[in-house]
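First comes the structure, then the notes that go with it.
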Amino acid sequence: MLAGVISSAALYSASANAQSSVTLYGLVDAGVRYTTHANPAGDSQFQLANGESESLFGIKGAEDIGGGTKVIFDIENRFFPNSGATDPAYPFFNTALVGLQSDTFGKLTLGRQINPLSDAVLDAFVTNRWLPTFYQFRPEVTMAQGVWTSNMVKYAARWQYLTAEVSYAFGGAAGHFGAGSQIGASLLYLPAAPLNLAVAYLDSRDAVNASAHLKSWTAGGSYAFDSTTVSAGWVVNRQDAGFVGNFPNGPFSAPALTALKFNAFTSRQMFFGGVTQQIGLATHLSANVWRTTQTGKTQPADGNATQFQLLGDYNLSKRTDIYLEADYSLYRGGMVGAQFQGINAVSSAYKTTQLGVTAGLRHLF
């Protein structure tokens, strides 16, 4: 995933003994996708889309300042390869952080970054764990309050196989301390193999009504034996009646959340799991299922969703692969497909069922 390293001689160094590196990295993924019920009329859609993974490029670096401590940074942009446009769902740099990493004291990072709840899911029990970055059909991502949080300070410490994270995102509103803020924590057990476990909690306060909260918690794990990996997870979202949104820390403004009907529920619970089979060094096959139930703030918003996915992936080389994916969703009551199929709702369901098939090519650099 590394493209090239600029030597420390080309970079500013705070001391003669400091060693610095800067790495350009990225991913380009384009695919052809067929989707049923892609508009209110119920029409099907056939398009060249972003592919299963979110295409991106980024620059990250580190400077050794001595004593086992490094200064680190990471900035990353996400874009659409079919048009070359920057993804409108994110800021230009969706990740933008700077921090300190110590062999003794852990890691402290400041900026826009992944929240602790998402870290727990991604590292321990996310579906299709071998895939890079996020991708279009990964419904559990929706339950992580936007995954990335702006204005965040995050600290992570590790003891052998245990990693603990805590975070605080500043609301930043003058005279309204706490409005729009977010706190998070996670605990991960990540030995090399075969068992990984994680739990996490996230609490966001409304940007206007600071007494209203959106709370999330999750638990899950994965177990690998031979070439087979089984994963399972559980995540809950609970929203107070007065919660509208925690923009600017969250990914959407209040009108955008309303359009997605994300503010329509009081509580939502998802169970999900999957099996991945690796064949040789080049092939992955997986099957995943998600079951979500929702209690609405009003009765019409009550609902449920059941989703299935089959995926086959073949590596042409160390950095390039081709894949074929199929997903099927059933929505009932007040559930909206746009909430469960990627941040951009590329495949949002306007009917009660939806079938999607994607074939694509992905390259990492």
Placing +1 on each Lys and Arg Cβ and -1 on each Asp and Glu Cβ in the chain, then taking the dipole about the Cα centre, the residue among Gln113, Gly67, Leu56 whose Cα reaches farthest towards the positive end is Gln113
Protection proxy (average C-beta count within 10 Å per residue), highest first, orders 177-183, 149-155 as 149-155, 177-183
Only helices counted: for the chain, with every DSSP H run of 4 or more residues adding -39500 (n - 2.57) and the sum spread over all residues, [θ] at 222 nm is -1000 deg cm²/dmol
Quick calc, region 5-364, dipole around Cα centre from Cβ unit charges on Lys, Arg (+) and Asp, Glu (-), nearest 20 debye, gives 440
Given backbone amide H placed at 1.01 Å from N, residues whose amide H is under 5 Å from that of Lys297, ignoring those fewer than 5 places away on the same chain, are Phe265, Thr266
Exposure proxy check on Ile114, Ile59, Ile279: fewest-to-most Cβ neighbours within 10 Å is Ile279, Ile59, Ile114
Counting lysine pairs in the chain that sit 8 or more positions apart or on different chains, with Cα atoms under 22 Å apart, gives 13
Dipole check, region 5-364, charges on Cβ (K,R +1; D,E -1), about Cα centroid: among Val22, Tyr168, Pro132 the Cα furthest to the positive pole belongs to Tyr168
Given 127-133, 170-176, 27-33, the highest-first ranking by average Cβ count within 10 Å works out to 27-33, 127-133, 170-176
Ordered by fewest other Cβ atoms within 10 Å, a rough proxy for footprinting exposure, Thr229, Thr95 read Thr95, Thr229
Looks like region 5-364, by Cα gyration tensor root eigenvalues a ≥ b ≥ c and the a/c under 1.5 rounded cutoff (else prolate when a/b is bigger than b/c, oblate otherwise), is oblate
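Quick note: the coordinates plus some simple rules give every number you see, no bench work behind them. What you are looking at is a predicted structure, and each value in this text was computed from that prediction instead of being measured. Using ideal geometry, Cβ is built from the backbone for each residue, glycine included, and neighbour counts are taken over all protein chains shown.
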